[in-house]
Amino acid sequence: MSAGEFHRLTHNATADVVAFAHCVAQTEFLFDHASDADALAQYRAAWLDAEILNALALERWDSDGRPADWSAVWRAEFARDAAHTVAALQAVVALHFKPAK
């Protein structure tokens, strides 16, 4: 994943439950080849927080019948925490990862 791709993915990640789920799925293995064990641990911790929130949001969206417009629930109950988890991923990447250009 290039730096631009990572930026675009995380920039739009909190738009809705589907965008967030896509971001979490696409970034799962971003640090798999990291040689810095501390960086890998930090990334995995940040990613796990995002994955837990993703699972909770998707379960709620699914139990609500997967409505096409779920924006009110997303904004009220998940968007703020999603923004925090995305910011944590961005911070680790900014410090430790140099994605392909």
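General observations
- Toward the positive end of the charge dipole of the chain, with +1 on the Cβ of Lys and Arg and -1 on the Cβ of Asp and Glu, the farthest Cα among G65, V17, Q90 is that of Q90.
- Rolling a 1.4 angstrom probe over the protein heavy atoms with all chains in place gives the chain an accessible area of 61 Å² per residue.
- Candidates A13, A82, A68, ranked by Gaussian network fluctuation over the chain, Cα under 10 Å, top entry: A68
- Square roots of five times the Cα gyration tensor eigenvalues for the range 36-86, Å: 27, 11, 6
- Relative to the dominant Cα principal axis of the chain, helix 37-63 is inclined by about 10°.
- Cα point-scatterer Debye curve for the chain, base-10 log of I(q)/I(0) at q = 0.10, 0.13, 0.21 Å⁻¹: -0.27, -0.44, -1.01
The values are calculated or read from the model by the stated rules, or taken from the named source; none is laboratory data. Just so we're clear, the structure is a prediction, and the values are computed from it rather than from any experiment. All Cβ positions, glycine included, derive from the backbone under ideal geometry; neighbour counts span all protein chains shown. Areas reflect the complete protein model, heavy atoms only, side chains present, ligands, DNA and RNA absent. Shrake-Rupley method; radii C 1.70, N 1.55, O 1.52, S 1.80 Å.
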